[in-house]
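These notes are about the structure you will find just below.
The values are calculated or read from the model by the stated rules, or taken from the named source; none is laboratory data. Keep in mind that this is a model prediction, so the values were computed, not measured. Methodologically, a virtual Cβ is constructed for each residue, glycine included, from the backbone with ideal geometry; neighbour enumeration extends over all protein chains shown.
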Amino acid sequence: MSSISDFIGVSARKNVEDAIAKARESESFNAVLSLSEARALERADQVDRGEITGSLAGVPFIAKDNFLTLGGTTTAASKILENFEAPLQSTAIEKLEAEGAICIGKANLDAFAHGGSTENSAFGVTKNAIDQERVAGGSSGGSAVAVALGIVPFTLGTDTGGSIRQPASFNGVVGVKPTYGTVSRYGVVAMASSTDTIGVLATNTHDAIVVMDIISGRDTKDATTLPDFFSPVSIEGTKKIGVISEAMTDDVDPEVKKATESYIEKLRAAGHTVEEVSLSLLKYALAIYYIVVPAEISSNLGRYDGVRYGRRADASTLNELYGASRDQGFVDENKRRIMIGSYVLSSGFFDAYYLQAQRARTLLINEFNALFESYDVLLTPVAPTPAFKIGENTSDPIKMYLADVMTVPASLAGLPAISVPAGFTEAGLPVGVQLIGKRRDDALLLALAESMEQQV
Amino acid sequence: MTQISDSDVQHLAQLSNLQLADDEVTSLRTDLENIIGYIQQLDELDTSGVEPTYQVTDLQNVWRNDVVDNYGIEKAALLQLAPATEADQIKVPKVL
């Protein structure tokens, strides 16, 4: 794996050529869907001529293919956007380009970011960087594998319920899901607007901090963004860390527990106080999530109808055109989520499902708030298992959803949460731990993780 | 456990603007039944008197000036994305 500093002060053209060559050599992983070679090389030459400058001048990166970018397609790994060429770039990409970074291509994902394994991509599954028979995790699977394979030092991802953290954990890299509202979502394909966040995957926490510092901040094009609060900090004194006991039950893979416990021991050795705490509503978080999020998906995906952009099916009436374009353009998981959303929002069911879920969400947030009165940081494994086998969970959507059980609570509450490597199973599969913080404590989480990285 | 029939699936598909193929209906019926069965566990929670949470930004009333901004994108570039156009407008088949 590579870090940002390896790419600074050297030939930008060589950086880009090397990264593109590496992406091509790694084709069997199916992590990268497209390369924007011409535009990337043009920008590299501008960097080398001194026409583009900045703190990341000449550093190549890859964005998940749900970020709108110039110089190639933006597909969201779906058939309906298969040939879509965006007329604009997302704010996060613009901010990185303003610092001289170079987007070389787009990473694979579950179509419209619906999934936890990147098996729902319309363009084929992404394979785990360590074991090609296993999943990359998802939905930012391509982003995680591209970092783990050393194609680029960092990638951008989106995290609605764990889509950065879980693939980061499955591939042994750092993944950051910031506080809701930290990074502008302008120009990013929307999934569930009340929990969608944009974050970074990198080989180390230092690089993640560098990128977060650049992409965070208020954007007038996204009214949900917070005034810029992200600023790197250092750890002062020792912290109080709560390990959520409901996330360490016998349902969790023993090797995942072992790696988590070894990380806890390291925290203790560094002088931090670590205690067991209870988040009793953890077991309901997934049910809340799979009501709220499909409801928002059914609304957000209404725009893909084959009329103004994207693939249009042959049809003789407008209604047929909508129905057929959507049926052909979406994968099964998209359809399941849209229809569940229609179900929980339909009259007669709204109170029982959607309203009940949003009330339960308040109770979950209250429980988090109470814990944060006594603790600085909460800790869980990122996922109950290491990367599972390709095809193992595809026939059972509920089983697949359970991979998100540890990560959805922070999403529903809008809290920052990061995934950091904690060790390996005996078979060599990476295991990650999740650190969850108070709102706007993103930099503290990263500083704590960085101090632990130096301990290893 | 809520039972979902094939016609329920077709009704949800209609609400969702999805024209499903026949073989999709059966597999979706099983999946939807299982998912709805799973999310029904929220019935166990007493939420009476609890305010719902619809957003987690802590922000209120984010204002902007009421001025037209095309965000740097011209009409022609957007029209170019449409599968069919005529006379500067997006063309669709007959409505009825």
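If you take the residues of the range B:25-43 that are among the acidic types (Asp, Glu) and facing chain A (nearest Cβ under 8 Å), which of them is nearest to A:ASP332 (Cα to Cα)?
This residue is B:ASP31.
Given the residues A:LEU415, A:LEU402, which is the only one that is in contact (Cβ under 8 Å) with a residue 12 or more places away in the chain and over 16 Å from the mean Cα position of the chain (by Cα)?
None of the others qualify; the one that does is A:LEU402.
Facing chain B (nearest Cβ under 7 Å), in contact with a helix residue (DSSP H, G or I) (Cβ under 9 Å, 6 or more places away or on another chain), surrounded by 23 or more Cβ atoms within 10 Å (Cβ to Cβ) and not acidic (Asp, Glu): does that describe A:ALA383?
No.
Is it the case that the range A:234-249 has a residue that's more than 9 Å from chain B (Cβ to nearest Cβ), basic (Lys, Arg) and assigned to a strand (DSSP E or B)?
Among the residues of the range A:234-249, at least one is more than 9 Å from chain B (Cβ to nearest Cβ), basic (Lys, Arg) and assigned to a strand (DSSP E or B), which makes the answer yes.
Select, from A:LYS266, A:LYS258, A:LYS335, A:LYS283, the only residue that is within 30 Å of A:THR73 (Cβ to Cβ) and among the charged types (D, E, K, R).
The conditions single out A:LYS335.
Residue-wise test of (1) part of a loop (DSSP other than H, G, I, E, B); (2) without any contact (Cβ under 8 Å) to a residue 40 or more places away in the chain; (3) not aromatic (Phe, Trp, Tyr).
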{"position": "A:THR158", "(1), (2), (3)": "no, no, yes"}
{"position": "A:PRO167", "(1), (2), (3)": "no, no, yes"}
{"position": "A:PHE170", "(1), (2), (3)": "no, no, no"}
{"position": "A:VAL176", "(1), (2), (3)": "no, no, yes"}
{"position": "A:GLY181", "(1), (2), (3)": "yes, no, yes"}
{"position": "A:MET191", "(1), (2), (3)": "yes, no, yes"}
{"position": "A:LEU201", "(1), (2), (3)": "no, no, yes"}
{"position": "A:HIS206", "(1), (2), (3)": "no, no, yes"}
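Hey, A:ALA285 hits all of (1) buried (at least 24 other Cβ atoms within 10 Å of the Cβ); (2) at the interface with chain B (Cβ under 7 Å from one of its Cβ atoms) but one; which does it fall short on?
Against the list (1) buried (at least 24 other Cβ atoms within 10 Å of the Cβ); (2) at the interface with chain B (Cβ under 7 Å from one of its Cβ atoms), A:ALA285 comes up short only on (2).
Filter the range A:341-361 down to residues that are in contact with a Ser or Thr (Cβ under 7 Å, 6 or more places away or on another chain) and facing chain B (nearest Cβ under 7 Å), then give me how many there are.
6
Any residue that is within 14 Å of chain B (Cβ to nearest Cβ) and not in a helix (DSSP H, G or I) - is there at least one of those in the range A:268-276?
no
Anything in the range A:208-233 that is away from chain B (no Cβ under 14 Å) and part of a strand (DSSP E or B)? List them, or say none.
Once the filter is applied, which keeps residues that are away from chain B (no Cβ under 14 Å) and part of a strand (DSSP E or B), the range A:208-233 yields only A:SER216.
Return yes or no: is A:SER231 at pLDDT 95 or above and either under 16 Å from the mean Cα position of the chain (by Cα) or farther than 18 Å from A:LYS95 by Cβ (or both)?
no
Give the range A:413-455 a look and list any residue that's acidic (Asp, Glu), in a helix (DSSP H, G or I) and surrounded by fewer than 23 Cβ atoms within 10 Å (Cβ to Cβ), or say none.
A:GLU450, A:GLU453
Got a sec? Which of A:LEU41, A:LEU70, A:LEU33, A:LEU81 is under 25 Å from B:GLN80 (Cα atoms) and either surrounded by fewer than 17 Cβ atoms within 10 Å (Cβ to Cβ) or over 21 Å from the mean Cα position of the chain (by Cα) (or both)?
Going through A:LEU41, A:LEU70, A:LEU33, A:LEU81 in turn, the sole match is A:LEU70.
Looking at A:ALA403, A:ALA360, A:ALA410, can you tell me which residue is at pLDDT below 95 and surrounded by 24 or more Cβ atoms within 10 Å (Cβ to Cβ)?
Criteria check complete, one pass: A:ALA403.
Looking at the range B:45-54, which of its residues are at the interface with chain A (Cβ under 8 Å from one of its Cβ atoms) and exposed (fewer than 12 other Cβ atoms within 10 Å of the Cβ)?
B:GLU51, B:TYR54 - these are the residues of the range B:45-54 that are at the interface with chain A (Cβ under 8 Å from one of its Cβ atoms) and exposed (fewer than 12 other Cβ atoms within 10 Å of the Cβ).
For the range A:326-355, enumerate the residues that are of a type in the set (S, T, N, Q) and touching a Pro at 6+ places or on another chain (Cβ under 9 Å).
The one that is of a type in the set (S, T, N, Q) and touching a Pro at 6+ places or on another chain (Cβ under 9 Å): A:SER342.
State all residues of the range A:386-402 that are among the charged types (D, E, K, R), within 12 Å of chain B (Cβ to nearest Cβ) and more than 11 Å from A:GLY116 (Cβ to Cβ); if no residue qualifies, say none.
A:ASP396 - this is the single residue of the range A:386-402 that is among the charged types (D, E, K, R), within 12 Å of chain B (Cβ to nearest Cβ) and more than 11 Å from A:GLY116 (Cβ to Cβ).
Considering each of A:GLY181, A:GLY116, A:GLY105, A:GLY175 in turn, give the residue that is of a type in the set (Gly, Ala, Ser), buried (at least 24 other Cβ atoms within 10 Å of the Cβ) and touching a Phe, Trp or Tyr at 6+ places or on another chain (Cβ under 9 Å).
After ruling out the rest, the residue left standing is A:GLY116.
Go through the range A:299-348 and give me each residue that's within 19 Å of B:LEU78 (Cα to Cα) and basic (Lys, Arg).
Of everything in the range A:299-348, those that are within 19 Å of B:LEU78 (Cα to Cα) and basic (Lys, Arg) turn out to be A:ARG303, A:ARG308, A:ARG311, A:ARG312.
With the condition kept exactly as written, say whether any residue in the range B:55-63 is in contact (Cβ under 8 Å) with a residue 24 or more places away in the chain, more than 7 Å from every other protein chain (Cβ to nearest Cβ), of a type outside the set (Val, Ile, Thr) and out of contact with any Leu (no Cβ under 8 Å at 6 or more places or on another chain).
No, every residue in the range B:55-63 fails to be in contact (Cβ under 8 Å) with a residue 24 or more places away in the chain, more than 7 Å from every other protein chain (Cβ to nearest Cβ), of a type outside the set (Val, Ile, Thr) and out of contact with any Leu (no Cβ under 8 Å at 6 or more places or on another chain).
What's the total number of residues in the range A:120-139 that are surrounded by fewer than 24 Cβ atoms within 10 Å (Cβ to Cβ) and assigned to a loop (DSSP other than H, G, I, E, B)?
Residues that pass the stated criteria total 8.
Restricting the search to the range A:262-281, which residues are surrounded by 13 or more Cβ atoms within 10 Å (Cβ to Cβ) and of a type in the set (A, V, I, L, M)?
A:ILE264, A:LEU267, A:ALA270, A:VAL274, A:VAL277, A:LEU279, A:LEU281, listed by residue number.
Quick check on my filter: what residues within the range A:298-315 are aromatic (Phe, Trp, Tyr) and more than 8 Å from chain B (Cβ to nearest Cβ)?
Selection gives A:TYR304 alone.
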